[in-house]
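One structure is given below, encoded as structure tokens.
The values are calculated or read from the model by the stated rules, or taken from the named source; none is laboratory data. Note that this is a predicted model, so its numbers are computed, not measured. Quick reminder, even Gly has a Cβ in these numbers, built from the backbone with ideal geometry, and neighbours come from all protein chains shown.
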Amino acid sequence: MRASQRARGEDVGLVDALLSADERRRSSGVRFDELRAEQKQLGKLIPKAAGEEKAELLKRAGELSAAVKAADAERDEAEAEAQRLLLQLGNLVHPEVPVGGEDDFTVRETHGAPRDFAAEGFEPKDHLELGQALGAIDVERGAKVSGSRFYYLTGVGALLELALVNAAIAQATEAGFIPMLTPALVKPRAMEGTGFLGQAAENVYHLEKDDYYLVGTSEVPLAGYHMDEIVEADSLPLRYAGFSPCFRREAGSYGKDTRGIFRVHQFDKVEMFSYVAPEDSEAEHRRLLEWEKQWLTGLELPFRVIDVATGDLGASASRKFDCEAWIPTQGKYRELTSASNCNEFQARRLSIRMRRDKKVRPLATLNGTLCAVPRTIVALLENHQQADGSVRVPQVLRPYLGGREVLEPVSR
RNA sequence: GGAGGCUUCGCCUAGUCUGGUCUAUGGCGCCGCACUGCUAAUGCGGUUUGGGCUUUAAAGCCCAUCGAGGGUUCAAAUCCCUCAGCCUCCGCCA
């Protein structure tokens with residue numbers, strides 16, 4: 001436990017402070033219980049008593065009342081302190097996760113191979129050039145209306161998004177997920193409980209006047225869906241496929257991925273979310289990964305799967321597998337999907353529990369991207385482009401694009 | 001945005017005016033047992049959640065919990081304040 005906390009760069013002293021606050025909470029709680037029990041006894045005697053006796057009882061009751069309030073206050077204070085410390089603590093890291101920063105991932109598997117454009121005799125165009133020629137992407141007007149990192153999907157670009165979303169929801173539904181359209185604005189509790197108000201807080205949009213947060217993923221409303229609930233073990237696993245807009249401030253990424261729609265402030269995403277028993281979480285994690293691989297394979301994209309390193313896990317994941325698609329004009333694999341096993345981390349914070357054999361305990365939550373629309377469009381356009389600037393539509397998307405097999409450039 | 005009503009231990013519900021006998025009523029559902037040659041019916045018992053303690057265990061004890069938080073009081077489901085959610089009406093709007 002301590003080794004993995006160090007791997008995250010967290011203060012080990014935090015754990016000790018937490019344990020001491022928790023002990024203080026416990027002991028003042030016991031004192032409160034004892035005082036309260038005596039107070040209740042007096043409450044029964046007082047109405048029956050009279051005269052001298054009653055005056056005595058009332059005097060003792062007055063003293064007790066003050067003592068109860070003091071013990072209560074101390075317990076509340078210790079509890080708040082413990083909670084404050086607890087929220088600073090990230091999830092425990094799975095022992096097999098590679099230790100290190102962003103570049104210290106390990107590659108688990110690779111699927112397909114990057115296209116050899118030299119052999120085909122033409123230079124690949126990037127997604128923005130292709131998207132503009134197809135009349136699919138308009139970043140200039142996005143910037144005019146909303147600023148940098150905003151865009152319009154136009155014409156066939158808009159249709160492409162709808163096709164992707166429909167195909168993704170169809171795959172998820174086929175796999176047994178319940179399709180969900182979720183709120184994009186949530187209260188602080190949901191944001192905090194999913195672990196987005198720690199180090200990630202600077203990337204979250206906040207509506208100060210109303211104290212609402214704009215979600216960066218439907219993981220947040222899908223995790224919040226069952227908060228403060230006890231789920232019967234028989235009904236697990238619960239699997240939801242959420243579709244929602246996602247908002248990200250992208251603070252600290254100035255100058256990174258500024259061209260096109262690879263990194264944007266607002267996009268739509270289909271997300272898989274599972275509630276399972278903790279002992280099933282690793283198997284479910286692999287299942288989520290398999291569904292992501294099925295999706296990317298269907299789109300005929302070359303990709304690899306990485307085991308994300310400790311420093312890049314975020315607060316809530318104990319392990320994270322990313323699928324990275326090959327982006328020809330960048331000559332690199334880039335993240336398209338991400339599957340995280342949060343085990344009991346979010347469930348504890350959101351008070352989501354399961355009941356099996358009369359025992360109640362936290363369950364595990366997992367999330368995995370199925371289709372983050374703009375990045376998927378980037379990968380599709382670049383990988384399936386043809387020498388004349390048209391783009392081939394993979395088989396699985398054709399039913400959702402009116403049977404269209406190729407997207408052709410438009411003259412303006 | 002304005003006015004009013006509501007929120008009770010799975011669901012429904014009594015209790016709130018008039019603070020203590022509420023250890024929260026009753027019904028439904030559910031669980032167990034008994035009886036009935038199956039099922040049903042009937043009878044009896046049980047049935048919120050969290051924390052702490054005792055115990056080999058089974059089980060038991062204490063505290064909190066009547067939408068949330070605060071206040072008044074020796075004492076709050078009950079009185080006062082703030083907030084949230086739901087419902088109705090008015091206004092506005094897609």
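Apart from one condition, residue A:70 fits all of (1) modelled with pLDDT of 85 or more; (2) within 9 Å of RNA strand B (Cβ to nearest atom); the exception is (2). Annotation note: of A:81, A:77, the sole residue that is over 30 Å from residue A:259 (Cβ atoms), surrounded by 14 or more Cβ atoms within 10 Å (Cβ to Cβ) and without any contact (Cβ under 8 Å) to a residue 12 or more places away in the chain is A:77. Taking the range A:90-146 and the helices (runs of 4 or more DSSP H) fully enclosed by it, the elements with 2 or more residues that are assigned by TED's automatic domain parsing to the domain that holds residue A:157 and among the β-branched types (Val, Ile, Thr) are at A:139-146. Looking only at residues in the range A:92-139 that are touching a helix residue (DSSP H, G or I) at 6+ places or on another chain (Cβ under 6 Å) and among the hydrophobic types (A, V, I, L, M, F, W, C), the one that is nearest to residue A:338 (Cα to Cα) is A:97. Looking at the structure I just gave you, is residue A:362 in the same structural domain as residue A:396 (by TED's automatic domain parsing), farther than 30 Å from residue A:205 by Cα and within 16 Å of RNA strand B (Cβ to nearest atom)? In short, no. Here residue A:167 does not qualify as of a type in the set (A, V, I, L, M) and more than 30 Å from residue A:269 (Cα to Cα).
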